[in-house]
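**Student:** Dropping a structure here in structure tokens format, bear with me for questions.
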Amino acid sequence: MTTFETPSLVIRGFKIFKDKLNIDEQNKLISDLREIAKDAPLSSPLVPGGNKMSVKMTSAGKYGWFSDGEGYRYIDCQPNGNNWPQIPGSILNIWKKFVSIERIPDCCLINYYSESAKMGLHQDNDEADFNWPVLSISLGDDALFRIGNNKKGGKTDSFWLNSGDIVLMGGDARLKHHGVDRIRFGTSRLLKNGGRINLTLRVVD
Ligand code: SIN
Ligand code: MN
């Protein structure tokens, strides 16, 4: 695994690459994501306890990330029995540029944040091999991203992510808590109706 690019900044092991996708690349991603959402519509997952997440989600790839009253997990087909859509080349190319050409990710989790959506601090730990990083791509409105520690609690740092930014969560950052406090609605014109999309690419098996 090689990082071919130099990060703009590194905070607690999170490698942040600012402004890595030009507007044509961002628009291409959005049009590919629209096709995915036709096949695998966005919905708000239930979390254990019965509440609905404020973020809407869907997935592409061999696995989709899924949550219901029973807990979080990856599932190898959509709840309706259909396969998840394939991860488009436009997204895989970013993985190849920032992570590896040796293995492609098994899952692209697609998160949509409307005006009031947020995501609590959590770890990405449903994958089998933490040697593979999670690659995050931000599109649309700005988001206040918070990072914490391997264990729950303790001091945190926050920073804004903008459309076209990429974050590599590997090494020391791989099991650190992270989340999104809020978005700054209307800061980007990438999505006609506003909001933010975050893609996270994961090796699952
Ligand atoms: C996630 O941790 O799944 C999403 C992170 C983000 O929205 O930037
Ligand atoms: Mn996460």
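**Student:** If you check Thr187 against the conditions, is it modelled with pLDDT of 95 or more and closer than 19 Å to Asn22 by Cα?
**Tutor:** So Thr187 fits the description; yes.
**Student:** Check Ile87, Ile94 and return the single one that is away from ligand 2 (no atom under 16 Å from the Cβ), in contact with a Pro (Cβ under 8 Å, 6 or more places away or on another chain) and open to solvent by less than 50 Å² (accessible area, probe 1.4 Å).
**Tutor:** None of the other options fit; the residue is Ile87.
**Student:** May I ask you to verify whether Asn82 is open to solvent by 10 Å² or more (accessible area, probe 1.4 Å), in contact (Cβ under 8 Å) with a residue 60 or more places away in the chain and assigned to a loop (DSSP other than H, G, I, E, B)?
**Tutor:** Taking the combined requirement at face value, the residue does not satisfy it.
**Student:** Say whether the condition of being within 16 Å of ligand 2 (Cβ to nearest atom), farther than 20 Å from Ser44 by Cβ, more than 15 Å from the chain's Cα centre (by Cα) and among the small types (Gly, Ala, Ser) is met by at least one residue in region 145-156.
**Tutor:** Among the residues of region 145-156, at least one is within 16 Å of ligand 2 (Cβ to nearest atom), farther than 20 Å from Ser44 by Cβ, more than 15 Å from the chain's Cα centre (by Cα) and among the small types (Gly, Ala, Ser), which makes the answer yes.
**Student:** Within region 98-117, can one find any residue that is touching a residue at least 24 places away in the same chain (Cβ under 8 Å), part of a loop (DSSP other than H, G, I, E, B), more than 16 Å from ligand 1 (Cβ to nearest atom) and among the small types (Gly, Ala, Ser)?
**Tutor:** yes
**Student:** Would you check if Tyr72 is outside any loop (DSSP other than H, G, I, E, B), modelled with pLDDT under 95 and surrounded by 12 or more Cβ atoms within 10 Å (Cβ to Cβ)?
**Tutor:** When the stated conditions are applied, Tyr72 passes them.
**Student:** What are the pairs with Cβ atoms under 6 angstrom where one residue, in region 45-69, is over 16 Å from Leu33 (Cα atoms) and at pLDDT below 90 and the other, located anywhere, is of a type in the set (S, T, N, Q) and surrounded by 15 or more Cβ atoms within 10 Å (Cβ to Cβ)? Sequence gap at least six, or different chains.
**Tutor:** Once the first residue is over 16 Å from Leu33 (Cα atoms) and at pLDDT below 90 and sits in region 45-69, its partners that are of a type in the set (S, T, N, Q) and surrounded by 15 or more Cβ atoms within 10 Å (Cβ to Cβ) give Val47/Ser67.
**Student:** Scan region 24-44 for residues that are outside any loop (DSSP other than H, G, I, E, B) and free of Cβ contacts under 8 Å to residues at least 40 places away in the same chain and report the count.
**Tutor:** Residues meeting the conditions: 5.
**Student:** If we scan region 197-204, do we find a residue that is more than 12 Å from ligand 1 (Cβ to nearest atom) and either more than 14 Å from the chain's Cα centre (by Cα) or open to solvent by 10 Å² or more (accessible area, probe 1.4 Å) (or both)?
**Tutor:** Looking for residues that are more than 12 Å from ligand 1 (Cβ to nearest atom) and either more than 14 Å from the chain's Cα centre (by Cα) or open to solvent by 10 Å² or more (accessible area, probe 1.4 Å) (or both), one finds at least one in region 197-204, hence yes.
The values are calculated or read from the model by the stated rules, or taken from the named source; none is laboratory data. Just so it is clear, the model here is predicted, and its values are computed rather than measured. Cβ atoms come from the backbone with ideal geometry, glycine included; neighbour counts cover every protein chain shown. Remember, those area values only see protein heavy atoms, side chains included, never the ligands or the DNA or RNA. Shrake-Rupley method; radii C 1.70, N 1.55, O 1.52, S 1.80 Å.
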